[in-house]
């Protein structure tokens, strides 16, 4: 069977153009391609679009627009303001919590003061006893408590022995004042002064119940004082004996990278606090001895108790010596009249000037760097918030915070250069400066 030859069948035909196609696609003639091209050319061309404008672009988030619209100084100021507000809120909450536990906080502060005063003696005694911490701490602390107890007993004994004479002198002073009002420049009538005395007497009688409640509250305060004193002594004992352990435990609460810097700041703050307390004790001793000698020369019977009052008042800058000095002047006036009171007032004024121009620069300058305005503001703020207790604690707290913040800004030494292992952050770098005795240097 013969197969027809397709090539021969189509050889006689004269195609109009070349063929496009294959075994799977239909064959297309050149005429079909030309017709399709002509149809596309006949269609109208699409209009050109204008270039995009700002309105056609996608909208930016509102936060980005706001951030770009605020100038850089305002942004920096707002960041600072936000952080300061957070710090103020945290400080307020801390003060509220501190107010709830003010009794415990105050006893802890008193124990810290005892530690700052007694630690140099305890450190020397520990060296002599071969490192026996408990024994050296007990000896020093009991000696300090016994010394303060003897001073308190002497003051109470002196006041009780002279209370009758002092009451009689107060009565005589009242009579002298009454005669001066009647015969002096005011020419007050005796009937008026008698009426004033009667009104005072009636007021005291009408408020006997309140006075009795005040006595009971005074007894309660006395009981709280004894309990707080015991807690302060206990706190001082453990801080003297285990101060290094307590400090290392506190450092473990801080992130590892911040421990060396915090250790530097803590040591500087403790050095400042200890120097301040010991300096205040020295200044208070100078003040009390000066007043004691002046009162002895004037033969004032309550010289020793008044000297103790001056000693305690000297721990409150500016206000303490002024109030204690006023009490001394009043008692001297009752004992020996105006001339002796003026002499004591002059002695107190000289002591105030001596403290401000000689004692403070010489004794305090090495440990405490506080401007007098900062001291005055600290005393005023502490007195407003917590009364006498706040005035007593305010200046040491400000001095500690000042040195602590300044220590945080210092760069810690390189541990590799100081001979420590790289990455060892449990112990602070060694320093050539003289370190305070507590908190101690953290070591492995």
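The values are calculated or read from the model by the stated rules, or taken from the named source; none is laboratory data. Nothing here was measured: the structure is a model prediction, and the numbers come from that model. Because the Cβ atoms are built from the backbone with ideal geometry, glycine has one as well, and the counts that use them run over all protein chains shown.
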> Just to be sure, is residue 388 in a helix (DSSP H, G or I), at pLDDT 80 or above and surrounded by fewer than 17 Cβ atoms within 10 Å (Cβ to Cβ)?
Replying inline: no
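Where residues in region 360-373 are part of a helix (DSSP H, G or I) and surrounded by 18 or more Cβ atoms within 10 Å (Cβ to Cβ), which of them is modelled with the lowest pLDDT?
364
Okay, residues lined up against (1) crowded, with 19+ Cβ neighbours inside 10 Å; (2) touching a helix residue (DSSP H, G or I) at 6+ places or on another chain (Cβ under 8 Å); (3) part of a helix (DSSP H, G or I):
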{"site": "244", "(1), (2), (3)": "no, no, yes"}
{"site": "249", "(1), (2), (3)": "no, no, yes"}
{"site": "257", "(1), (2), (3)": "no, no, yes"}
{"site": "268", "(1), (2), (3)": "yes, yes, yes"}
{"site": "276", "(1), (2), (3)": "yes, yes, yes"}
{"site": "282", "(1), (2), (3)": "no, yes, yes"}
{"site": "287", "(1), (2), (3)": "yes, yes, yes"}
> Does residue 295 satisfy the condition of being crowded, with 20+ Cβ neighbours inside 10 Å and at pLDDT below 85?
Replying inline: no
> When you look at residue 232, is it under 30 Å from residue 360 (Cα atoms), in contact with a helix residue (DSSP H, G or I) (Cβ under 7 Å, 6 or more places away or on another chain), surrounded by 15 or more Cβ atoms within 10 Å (Cβ to Cβ) and modelled with pLDDT of 90 or more, yes or no?
Replying inline: no
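Please pick out the residue among 405, 398, 379 that is part of a helix (DSSP H, G or I), at pLDDT below 85 and either surrounded by 15 or more Cβ atoms within 10 Å (Cβ to Cβ) or within 26 Å of the chain's Cα centre (by Cα) (or both).
After applying the criteria, what remains is 379.
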> Going by the structure shown, is residue 90 over 30 Å from residue 223 (Cβ atoms) and modelled with pLDDT of 75 or more?
Replying inline: yes
>> So for region 152-169 (the condition being more than 30 Å from residue 111 (Cβ to Cβ), touching a helix residue (DSSP H, G or I) at 6+ places or on another chain (Cβ under 7 Å) and either part of a helix (DSSP H, G or I) or modelled with pLDDT of 75 or more (or both)), does at least one residue qualify?
In response: yes
> Does residue 139 fit the bill of being modelled with pLDDT of 90 or more and surrounded by 13 or more Cβ atoms within 10 Å (Cβ to Cβ)?
Replying inline: yes
>> Between 321, 312, which is buried (at least 20 other Cβ atoms within 10 Å of the Cβ) and touching a residue at least 24 places away in the same chain (Cβ under 8 Å)?
In response: 321
